[in-house]
1. If I model a spin label as a point 7 Å beyond the Cα along the Cα-Cβ vector, how far apart are those points for residue 93 and residue 44 in nm?
2. Compute the long axis of helix 123-157 from its Cα atoms, compare it with the longest principal axis of the Cα atoms of the chain, and write down the angle in degrees, 0 to 90, nearest 10.
3. Take each of the peptides 102-113, 131-142, average the number of other beta-carbon atoms within 10 Å over its residues, and list them starting from the highest.
4. Let me have the relative contact order for the range 3-157, percent, based on Cα pairs under 8 Å that are six or more residues apart.
5. Expected output is a single nm value to one decimal: the length gained when fully extending between residue 105 and residue 156, i.e. 0.36 nm times separation in residues minus the C-alpha distance. What is it?
6. Taking the range 73-158 as the region of interest, what is the percent of Cα-Cα pairs per 5 angstrom bin, listed from the shortest bin to the one with the maximum distance?
7. Kirkwood hydrodynamic radius of the chain from all distinct Cα pairs, in Å?
8. Taking R0 as 22 Å, what FRET efficiency do you get between residue 124 and residue 85 from their Cβ-Cβ distance, rounded to the nearest 0.05?
Amino acid sequence: MALVRILVDGYSLLHNWPELAPGKPRHSEAARDELVSILTRYQDAVGTPITIFFDGAGSRPGTPKHHDSKHVEVLFSKAGQTADQMIERAAHRFQPYGEVLAVTDDNTERDVVIGLGGQASSCWNFIRDVESALAELADDLKHHNRTERNRFRHARSD
């Protein structure tokens with residue numbers, strides 16, 4: 001089956017990515033915003049929709065409970081609910097459509113998602129995948145821009 005969605009435990013990933021939003025507390029709005037920004041760029045590179053789950057307890061009063069764009073969705077858990085529970089529920093609901101990839105360092109959570117027919121990744125492995133995909137995208141853009149610049153120069157000289 002095809003990978004239909006990446007399910008990310010937002011705080012688990014933030015705690016494992018200190019280079020992201022350096023000097024900012026891991027539960028801060030700035031750190032969350034930086035994570036959403038980089039995962040949006042990653043989604044642009046790989047094309048698979050992403051849902052980022054945060055435990056609601058870490059959100060500031062007045063923080064929107066849901067944010068989503070066409071391909072990157074951000075959800076906060078409600079009182080009495082955890083991001084892990086939301087990931088499990090999403091993995092279950094996506095079963096008929098294909099595999100999901102759960103990104104978390106919670107071994108129990110990864111086992112549950114795998115038991116539901118999905119895939120799981122540690123945060124460290126996922127961070128390396130993101131960095132690699134974004135570096136490849138940057139190289140592709142650099143090559144494309146160089147080609148277009150040369151084509152433009154050639155067209156002007158004719």
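Every read-out reported here was derived from the displayed coordinates using simple, explicitly stated rules and does not represent laboratory data. In this text, all values refer to a predicted model and were calculated from it rather than measured experimentally. In this analysis, Cβ positions are derived from the backbone assuming ideal geometry, glycine residues included, and neighbour counts consider all displayed protein chains.
1. Placing both labels 7 Å beyond Cα along the Cβ direction yields 2.8 nm.
2. Value to nearest ten degrees: 20.
3. Working: 102-113: 19.8, 131-142: 12.2.
Descending packing order for the listed peptides: 102-113, 131-142.
4. On the way: 222 pairs, mean separation 39.0, N = 155.
Once divided by the residue count of the range 3-157, the mean separation gives 25 percent.
5. On the way: separation 51, 0.36 × 51 = 18.36 nm, distance 5.44 nm.
Residue separation times 0.36 nm, minus the Cα-Cα distance, leaves 12.9 nm.
6. Taking every Cα pair in the range 73-158, the percentages come to 3, 12, 15, 14, 13, 9, 7, 6, 6, 5, 5, 3, 1, 0.
7. Working: mean 1/r = 0.0593 Å⁻¹.
Taking every pair of different Cα atoms in the chain, averaging 1/r and inverting gives 16.9 Å.
8. Numbers: r = 24 Å, r/R0 = 1.07.
Plugging the Cβ-Cβ distance into 1/(1 + (r/R0)^6) gives 0.40.
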